[in-house]
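In what follows, a single structure is set out as structure tokens and then discussed.
Read-outs throughout are calculated quantities, based only on the coordinates presented, and are distinct from any laboratory measurement. Predicted model only: the values in this text are computed from it and were never measured. With ideal geometry, Cβ positions are generated from the backbone for all residues, glycine too; neighbour counts draw on all protein chains shown.
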Amino acid sequence: MKIARPKRPTTDPDRHLDCEEAIEAAFQTVAAAAEAAGWTRHETAAALISLAENHSLAIEANERLAEFGAGVFLKAPKLH
């Protein structure tokens, strides 16, 4: 599945609209597949929302970890 590239620069406050438009078909495909497998529309919607929220939380946690760890170098032990 091909997803269109952004149309606006990263500084544009409406850039997220490009992303929504670009991934809508994939979203609808996943939702339809889940419903065809027997999940209700409400279960499917709740699962997609939960996945999106968890993805966002993981991104934020990784960014905080990167900020916290900036400048920290881990040295591997020497193997003899």
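Within the chain, the longest run free of exposed loop sites, counting trypsin sites (Lys or Arg not before Pro) that sit outside DSSP helix and strand states (H, G, I, E, B) and have at most 14 other Cβ atoms within 10 Å, spans 8-74. Between rounded, prolate and oblate, where does segment 11-52 land on the alpha carbon gyration tensor, with a ≥ b ≥ c its root eigenvalues, rounded for a/c under 1.5, else prolate if a/b exceeds b/c? Here segment 11-52 falls in the prolate category. Across segment 22-35, coupling constants 3J(HN,Hα) worked out from phi with the 6.51/-1.76/1.60 Karplus curve, θ = phi - 60°, read 5, 9, 4, 4, 5, 4, 5, 5, 5, 4, 5, 5, 5, 5 Hz, and Gly and Pro carry x. Dipole magnitude for the chain: computed about the Cα centre from +1 point charges on Lys and Arg Cβ and -1 point charges on Asp and Glu Cβ, it is near 520 debye. Once a ≥ b ≥ c are taken as the square roots of the eigenvalues of the Cα gyration tensor of segment 1-72, is the result rounded (a/c under 1.5), prolate (a/b larger than b/c) or oblate (a/b not larger than b/c)? The shape class here is oblate. By the helix-only formula, in which each DSSP H run with n ≥ 4 contributes -39500 (n - 2.57) and the sum is divided by residues, the chain has a 222 nm mean residue ellipticity of -22500 deg cm²/dmol.
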